[in-house]
Amino acid sequence: MREEKIKRILEIIPGFLSWFIIFSLIILFILKPLSAIVVIIVYLLYWVARLLYSSILLLMAHYRMQSKKNNDWLSMCKDANSDLKFEDIIHVVLYTIYKEPENLIIDSLNFLKDTDYPADKIIVVLAGEERAQGAYDKLKAISDKFKQHFLDIIITINPKNIPGEITAKGANATYAAKQVKVYLGEKGYDFKNIIISCFDADTCPDEKYFSCLTYNFLVNQKRYHTSFQPLPIYSNNIYTAPAFARVIETGSTFWQFIEGMRYEKFITFSSHSMSFKTLIEVDYWPVDLISDDSLIFWKCFLKFNGDYKTYPLDIPVYMDIAVGKNLLDTIKVQYKQKRRWAWGVENFIFLAQHFLKKNEIPFTVKFRKLYQILDGHVNWATWAIVISFITPLILFLGKIVLKNSLALFNLSYINSVVFHSLSFILLLCIIISWEFMPPRPKGVSRLVYVSFLFQWLLTPFISAVLGSFPSLDAQTRLMLGRYLSFTPTPKTR
Amino acid sequence: MQEKYYSFLRHFSFWLFSLAFVILTPVIVYYSLGYKFDIKSKKFLKTGALSIKTFPRAVTVYLDGKKIDELTPGTIRELMPHKYNLVLEKEGFYPYNMEIEIKPSLVNNIDVFLIPKIKGVEKVKFDFNIYGFFLLRQIFTEKILIFTDKGIYFLDTDLEGIKKVSEQIFEEHLANSIEEVIANNNKLIFWNKKNIWVVDISNENFPSTNTANPVYTAGRSIKDAFLGLRERYLIVNDGLKVIALDMDNLGVSFEIYTLNNLNAKIFYDARSETLYIKDKIPRTENFSLFKIEIMPLIGGRISNERRKD
């Protein structure tokens, strides 16, 4: 009963803080307009500093990636100075599949087949769900096409309505991983040598991904206390996706790019890889929570008393931009996907609850981690709203209330500095994103590049509507106890 | 580059931006509120700003005769609060000259449209909002009297010299309604259909009030007014009666004649101090002409008062 109460209080905290920031600024403006302007000036200056710092990280991340672009990872694996042998390393690539079309999975497997890593060291797991009718037959047909290319292909079908499980990707992945454990055990593999990669159905690894991953796994002294995170680049359908969807997903890529530079804060996101031994030790991905990709990191973090990290790999995986049947449907799909990502705020509750029972982790570490999650989510939910809506509103109303106030005059100037900082980052993004662009498919006009350039003008609208609002929605639902159910993102090509 | 260098660079950037934020934020907030540190007095002083927009752009700005580096549009900050003379100049346009006031923590927004120079057309150099003007001819001089948003001014007819004569501001509708102006003995006397005002222009130190109160309000409608009786009295036809207003003792007046008809007209001959009145004869439909020699009527009063003086 006490635990339930604590959980409810924890669920209220993020949403309360976000709404408090939004409303306190409005109420302060009504009561003391000049004080509200000073607060907004401080808030904007904070974001100028933060955005400029982020742009430095972006440049560093880009430089690091470029400097390792031409590495011959496979040769490096063979020469790696490690207690493990390269030849013994086996990869399990687990694709979580729901209703994704066959051609999409085939494309992903083609990419996997064409990597520079020896395919006979890769076991593919096609993890389907009983909820999707005809799942086994579909996966069997795919398996038959690719069986000869890999060490093996395992098909698992996660039964529906397992007690204690929610219908989410994590539950499916866990079910499949448990089957793989039995399979590998029967074949006599040492789990220490197994690297598991949990991929979405549309994940297409770069040709050097597995060799890069293997090298970093081999040379990492704390490989069993480390997850390996590729840079997700949403570009598989970039030439056909609407402009606003491209901007959002490119933004997500860059966010991961920047986060990858902050090692001690970096956590797993979407498709990721880790030691199979560790996965078993932490009892797999959570089956009763939505944000399994980040929660697996926190499970490991708790298991190893804070001695767990995520290592950013410099080789990307390519994924699909979430699109719908038409423009409106795409907006809905994007909104729901971002809300599901923002539901990652449940990590705060999960972690805080476990921290209460975990005395082995120092208080400062606990506090820093909880602050890190809260800071990330509360800022996500508020910054674009404050900058795109509240500041212009205060500037507009301030002209009526405060007329010729110098502070108001300077606020509009500082506001323009924020937008110039944003433009600077956007310019960096435009330049860097050009390098991630896949070759233009036949039949697509060169004019598409013009829209690629002008798409960035949508950023202010997108950052608020499809940035902050879904996050605020997720936090509000959590605050009110209206829990989100897992909505798989439709993948069509 | 090795990971430790990335880590160093990242930490360095983090602390650099954090430090910059912590140090610069209070400075910028104080600056935004208009505070400026004066090294001489070692005190924080509250300043104001001047924001200038012009059409056309790129106009040179002079503030109290000092050229400002920045062209328009622009903002001049850290101005100490007091009045300044602002001049805006651009080749091919009439210069714009006005007095502006800077107040602490406030921005004075100036939006100016410069008028292009046209051959043969002159423009006053002072850019007040002019509500009304009158040409005043005296024996040796000619002046233009202008009613503006900044007060009442005398302007030379070559549009060069300007002198403020009163702080009093007559709103545009009021200034436009003025029918005639007389300048007499350091006084400006002017009237519209309803009111008569007298403004003392002898005092260089303008009174603190800038609202002008009429010295006389007509019962019906002021039709004619003449300066007479040795330029001391204003003879007024207010539609109901003819009265004489003492210009030396404002508020003192006496009735000369009661009119019989609304369409009555008067004329005052200052040389002979004679008042002529066209008025209806009572109980008839006919108008006739009446003549009143004023001096005998009120001359005694003036003589008596002079004797007292």
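The values are calculated or read from the model by the stated rules, or taken from the named source; none is laboratory data. What you are looking at is a predicted structure, and each value in this text was computed from that prediction instead of being measured. Backbone-built Cβ (ideal geometry, glycine too); neighbour counts: all protein chains shown.
Observations, loosely collected:
- Tally of residues being in a loop (DSSP other than H, G, I, E, B) and of a type in the set (S, T, N, Q) across the range A:442-477: 1
- A count restricted to the range B:62-91 and to residues that are away from every other protein chain (no Cβ under 14 Å), touching a Pro at 6+ places or on another chain (Cβ under 6 Å) and part of a loop (DSSP other than H, G, I, E, B) stands at 0.
- From the list A:Leu59, A:Leu84, the lone residue that is under 23 Å from A:Thr250 (Cα atoms) and out of contact with any Asp or Glu (no Cβ under 9 Å at 6 or more places or on another chain) is A:Leu59.
- Flag for B:Phe140 being more than 14 Å from chain A (Cβ to nearest Cβ), within 23 Å of B:Asn203 (Cα to Cα) and either over 16 Å from the mean Cα position of the chain (by Cα) or acidic (Asp, Glu) (or both): yes
- Selection from the range A:141-159 of residues that are surrounded by 14 or more Cβ atoms within 10 Å (Cβ to Cβ), more than 17 Å from A:Asp107 (Cβ to Cβ) and of a type outside the set (Ser, Thr, Tyr): A:Leu151, A:Asp152, A:Ile154, A:Ile155, A:Ile157, A:Asn158
- Residue that is surrounded by the fewest Cβ atoms within 10 Å (Cβ to Cβ), among those in the range A:88-110 that are hydrophobic (A, V, I, L, M, F, W, C) and in a helix (DSSP H, G or I): A:Ile106
- Of the helices (runs of 4 or more DSSP H) lying entirely inside the range A:163-261, the ones with 2 or more residues being under 28 Å from A:Thr489 (Cα atoms) and modelled with pLDDT of 95 or more are found at A:169-187, A:209-219.
- Any hit, the range A:111-122, residues being charged (D, E, K, R), in contact with a strand residue (DSSP E or B) (Cβ under 6 Å, 6 or more places away or on another chain), away from every other protein chain (no Cβ under 14 Å) and surrounded by fewer than 21 Cβ atoms within 10 Å (Cβ to Cβ): yes
- Considered as a group, the residues in the range A:297-308 that are buried (at least 20 other Cβ atoms within 10 Å of the Cβ) and over 13 Å from the mean Cα position of the chain (by Cα) include one that is farthest from A:Gln353 (Cα to Cα), and that residue is A:Tyr308.
- Residues that are over 35 Å from the mean Cα position of the chain (by Cα) and either of a type in the set (Gly, Ala, Ser) or surrounded by fewer than 17 Cβ atoms within 10 Å (Cβ to Cβ) (or both), drawn from the range A:399-437: A:Lys399, A:Ile400, A:Val401, A:Lys403, A:Asn404, A:Ser405, A:Ala407
- Contact map, the range B:84-95: residues that are under 12 Å from B:Thr72 (Cβ atoms) paired with residues that are acidic (Asp, Glu) and in a strand (DSSP E or B), Cβ distance under 8 Å, separation 6+ or inter-chain. Pairs shown: B:Leu86/B:Glu99.
- Taking every residue in the range B:1-29 that is farther than 30 Å from B:Thr47 by Cα and at the interface with another protein chain (Cβ under 7 Å from one of its Cβ atoms) and pairing it with any residue that is aliphatic (A, V, I, L, M) and not in a helix (DSSP H, G or I), at least 6 positions away or on another chain, the pairs with Cβ-Cβ distances below 9 Å are B:Tyr6/A:Met261; B:Leu9/B:Met1; B:Arg10/A:Met261.
- Residue identified as in contact with a helix residue (DSSP H, G or I) (Cβ under 8 Å, 6 or more places away or on another chain) and of a type in the set (Val, Ile, Thr) among B:Val112, B:Val124, B:Val107: B:Val107
- Taken together, A:Val42, A:Val93 contain a single residue that is away from every other protein chain (no Cβ under 14 Å), modelled with pLDDT of 90 or more and out of contact with any His (no Cβ under 7 Å at 6 or more places or on another chain), which is A:Val93.
- Hits in the range A:74-114 - residues which are among the basic types (Lys, Arg) and closer than 16 Å to A:Ser197 by Cα: A:Lys113
- From B:Val27, B:Val59, residue being surrounded by 14 or more Cβ atoms within 10 Å (Cβ to Cβ) and of a type in the set (A, V, I, L, M, F, W, C): B:Val59
- Checking B:Lys42 against (1) more than 10 Å from every other protein chain (Cβ to nearest Cβ); (2) modelled with pLDDT of 90 or more, the condition it does not meet: (2)
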